[in-house]
Amino acid sequence: MPENSSKKVVHVDASRKPATTSSRSSAAASGGAGGPEEPPADWTPTPEAKGRATRFRWIAVALWVVAIAAEAFAIFWLLKQKPFTTGHLIGLIGAFVVIGVLSSVGSVLWKKANRLDPARRSDTVRFFVQNQLGAIIAIIAFVPLIILVFTNKNMDGKQKAIAGSIGIVLAAVAAFVFGADYNPPSVEQYTAESNIVKQLTGSDEVFWTKSGSVFHVCQAVPDVNKTSKDNQIYQGTVAAAHDAGKSRLTMKWESEATKYCGYTQAQVDAVKTALPGDVATLNGEPADSSTDAPVPTSTP
């Protein structure tokens, strides 16, 4: 898609109240960074993001409770019917569908909450449970019912095969497609992004588009200037970018900084030297972030 240099810049503050500007100037884009600020000790979500995450989690929990209630209804009433008729089979299949939809929607909301307010990777147990809770709930909501279907004495073989097969498929979708998070966010990731951006540009300011999945270190990169429906570039903090649904700092931040943002390779290397743990975190490598120590970088 062609670049569009006339796109409006919309500033998004910590409370997600956008203010439109027409200026294309920024410290990163103009090469006029004022020197790095002290990197924050830890990334924290905006109050708005924290509130949205809490609401999403409560809704997810409510949906999961109803899903497990549907499982209980199927176990303690439907499977006890004798004779087990075609109508009961349809009701059982309906219960599986309801459980699948409720658990999957709950998992989607839970994962959205985790991107707004992530757990610490260093807290291994909580990190695993918080990010894989959707899959865990799906297993709890499906597996006991599936087992009881195949061991039920009131159903014939054909009924067991139909209901059991549908239950297994829906369980797999709910647990492994919607429930499991294969690339979960972390406080360490978000902190690393904030540190790198501030060390390079001198301020906690990044750029993104509505349709993009990542954010960038300056306004001049081609990816944010491609033609889009709303014809806007969004500008704000790393926290605001994640609040807007962006998953991470682009993996191309180093090449973008030197090719489009006015920084030299020496300045990028200085950031990598100052923040080796943060750079390793973004690259998915284990690192001791305590080795990070901010050092001054020269003005581009």
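The values are calculated or read from the model by the stated rules, or taken from the named source; none is laboratory data. Keep in mind that this is a model prediction, so the values were computed, not measured. Here Cβ is always computed from backbone atoms with ideal geometry, including for glycine, and neighbour counts include all displayed protein chains.
Select, from Leu63, Leu102, Leu89, the only residue that is surrounded by 15 or more Cβ atoms within 10 Å (Cβ to Cβ), closer than 19 Å to Thr151 by Cα and touching a residue at least 12 places away in the same chain (Cβ under 8 Å). Full working, then the answer.
Working: Leu63 fails: closer than 19 Å to Thr151 by Cα; Leu102 fails: closer than 19 Å to Thr151 by Cα.
None of the others qualify; the one that does is Leu89.
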Single condition Lys252 does not satisfy, out of (1) under 24 Å from the mean Cα position of the chain (by Cα); (2) modelled with pLDDT of 95 or more: (2)
Residue among Ala163, Ala192 that alone is in a helix (DSSP H, G or I), in contact (Cβ under 8 Å) with a residue 40 or more places away in the chain and within 25 Å of Ala53 (Cα to Cα): Ala192
Extreme residue, modelled with the lowest pLDDT, among residues of region 151-193 that are under 21 Å from Ile136 (Cβ atoms) and of a type in the set (S, T, N, Q): Asn183
Count of residues meeting criterion [among the basic types (Lys, Arg) and out of contact with any helix residue (DSSP H, G or I) (no Cβ under 7 Å at 6 or more places or on another chain)] in region 83-118: 0
Filtered residue count, region 93-128, keeping only those that are basic (Lys, Arg) and within 24 Å of Ala171 (Cβ to Cβ): 2
Scope region 238-264; condition aromatic (Phe, Trp, Tyr), assigned to a loop (DSSP other than H, G, I, E, B) and buried (at least 23 other Cβ atoms within 10 Å of the Cβ); matching residues: Tyr263
Number of positions in region 164-186 that are of a type outside the set (Gly, Ala, Ser) and surrounded by fewer than 17 Cβ atoms within 10 Å (Cβ to Cβ): 7
Single residue of Phe84, Phe96 found to be assigned to a helix (DSSP H, G or I) and either of a type in the set (A, V, I, L, M, F, W, C) or in contact with a Leu (Cβ under 8 Å, 6 or more places away or on another chain) (or both): Phe96
